[in-house]
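Student: Dumping the structure here so I can ask a few things about it.
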Amino acid sequence: MKKFLALLCAMLMMVGCLAACGGNGDDTSSAPEVKSDLAYVKGKGTLVVGITDFAPMDYKGENDEWIGFDADMAKAFAAKLGVQVSFQVIDWDNKAFELDGKTIDVVWNGMTLTDEVKAAMDCSNAYCNNQQIVIVKKEKAAQYQTKDSVKGLKFAVEDGSAGEQQVDALGAQKVEVADQATALTEVKSGTADAAVIDSLMAAAMVGEGTGYADLMYTVGLNDEEYGVGFRKGSDLVAELNRFFKDSYADGSMMTIAKKYGVQASIIEQK
């Protein structure tokens, strides 16, 4: 009987030991998932960039190809990662949802680093200075040179944009549109009194020699900086910051900036 009990105890101890060893070493079903955006992008071979039509940062060239300062930088960054680049037009107001749903990997489209943006996504270092500025018809520009003078206007603004935030701060009437180019069209057609758009876009698209020669920019509403957005916790942020630093140091960032006339706005990358 004693021998039987001793044998039974030994067998139970062996079973317990095997179960413990299996739980600690062989069973990986409960191991934490390793999340790496860098590995994810390299695995699928494509960096999907969320954009809107926004010259001089992202817009269609003669061959129906996306070009611009941001577009060219995104192409160079994708090449550095060893992957292809794909540009996806998005609803700007839903950019954080697009990131989290993995329909895009990055928001790279002259994105202002607002508190709201930084709360919703992880962002790169700032790379470009900008302002939100008021656009009106040229013949009325002299009337609207201060913030107080524009408060009674009806504004066309891109939904979810930094420009919309500035109009809300003014307490002015607004109509929300799909993008900043559409906001300019609203002013040109007379369905809105004014638009608020990025100064970089205004310099490229408004005034003599442009499609909006009858429009003019007047008062600046703020000072701001552009950054690139990724999913929370993304290891691509550090990769892009290194790329920015290297491309600034070797001159390639400024070469692209000069190509699109934004060199004066580029922030030194340290």
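Student: Would you confirm whether any residue within the stretch 174-186 is of a type outside the set (Ser, Thr, Tyr), touching a Lys or Arg at 6+ places or on another chain (Cβ under 8 Å), surrounded by fewer than 21 Cβ atoms within 10 Å (Cβ to Cβ) and without any contact (Cβ under 8 Å) to a residue 12 or more places away in the chain?
Tutor: So far as the stretch 174-186 goes, no, none of its residues is of a type outside the set (Ser, Thr, Tyr), touching a Lys or Arg at 6+ places or on another chain (Cβ under 8 Å), surrounded by fewer than 21 Cβ atoms within 10 Å (Cβ to Cβ) and without any contact (Cβ under 8 Å) to a residue 12 or more places away in the chain.
Each row is one residue, and each column tells you yes or no for (1) at pLDDT 95 or above; (2) under 21 Å from Leu99 (Cβ atoms).
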| residue | (1), (2) |
| --- | --- |
| Lys188 | yes, no |
| Ala192 | yes, no |
| Met205 | no, no |
| Val228 | yes, yes |
| Lys232 | yes, yes |
| Ala238 | yes, yes |
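Student: In addition: Has the stretch 148-158 got at least one residue that is in a strand (DSSP E or B), open to solvent by 50 Å² or more (accessible area, probe 1.4 Å) and over 26 Å from Phe243 (Cβ atoms)?
Tutor: For the stretch 148-158, residues in a strand (DSSP E or B), open to solvent by 50 Å² or more (accessible area, probe 1.4 Å) and over 26 Å from Phe243 (Cβ atoms): present.
Student: So which residues in the stretch 199-237 are under 21 Å from the mean Cα position of the chain (by Cα) and aromatic (Phe, Trp, Tyr)?
Tutor: If the condition is that a residue be under 21 Å from the mean Cα position of the chain (by Cα) and aromatic (Phe, Trp, Tyr), then Tyr226, Phe230 are the ones that fit.
Student: How about the stretch 246-270: which of its residues are among the aliphatic types (A, V, I, L, M) and without any contact (Cβ under 8 Å) to a residue 12 or more places away in the chain?
Tutor: Within the stretch 246-270, Ala264 is the sole residue that qualifies.
Student: For the list (1) outside any loop (DSSP other than H, G, I, E, B); (2) in contact (Cβ under 8 Å) with a residue 40 or more places away in the chain, I need the number of the one condition that Ser234 fails.
Tutor: Of the numbered conditions (1) outside any loop (DSSP other than H, G, I, E, B); (2) in contact (Cβ under 8 Å) with a residue 40 or more places away in the chain, the odd one out for Ser234 is (1).
Student: Still on this structure, I have one more. Being outside any helix (DSSP H, G or I), at negative phi and among the hydrophobic types (A, V, I, L, M, F, W, C) is the requirement here; does Val187 meet it?
Tutor: When the stated conditions are applied, Val187 does not pass them.
Student: Which one is least open to solvent (accessible area, probe 1.4 Å) among residues in the stretch 197-229 that are in a loop (DSSP other than H, G, I, E, B) and within 18 Å of Ala181 (Cα to Cα)?
Tutor: Ranking the candidates gives Gly207 first.
Student: Return the residues of the stretch 255-270 that are open to solvent by 50 Å² or more (accessible area, probe 1.4 Å), assigned to a helix (DSSP H, G or I) and not charged (D, E, K, R); say none if nothing qualifies.
Tutor: If the condition is that a residue be open to solvent by 50 Å² or more (accessible area, probe 1.4 Å), assigned to a helix (DSSP H, G or I) and not charged (D, E, K, R), then Thr255, Gln263, Ala264 are the ones that fit.
Student: Here's another thing I want to ask about it. If the requirement is being buried (at least 16 other Cβ atoms within 10 Å of the Cβ) and modelled with pLDDT under 95, which of these qualifies: Asp93, Asp53, Asp105, Asp122?
Tutor: Asp53
Student: For Ala169, are the conditions met, namely being among the small types (Gly, Ala, Ser), modelled with pLDDT of 95 or more, open to solvent by 20 Å² or more (accessible area, probe 1.4 Å) and more than 15 Å from the chain's Cα centre (by Cα)?
Tutor: So Ala169 passes the test.
Student: Return yes or no: is Ser252 under 30 Å from Gly152 (Cα atoms) and surrounded by fewer than 19 Cβ atoms within 10 Å (Cβ to Cβ)?
Tutor: The answer is no for Ser252.
The values are calculated or read from the model by the stated rules, or taken from the named source; none is laboratory data. In this text the structure is predicted, and so the values were computed from the model without any measurement. Don't worry about glycine lacking a Cβ; one is built from the backbone with ideal geometry, like all the others, and counts go over all protein chains shown. What goes into the accessible areas is simple: the full protein's heavy atoms, side chains included, and nothing from ligands, DNA or RNA. Shrake-Rupley method; radii C 1.70, N 1.55, O 1.52, S 1.80 Å.
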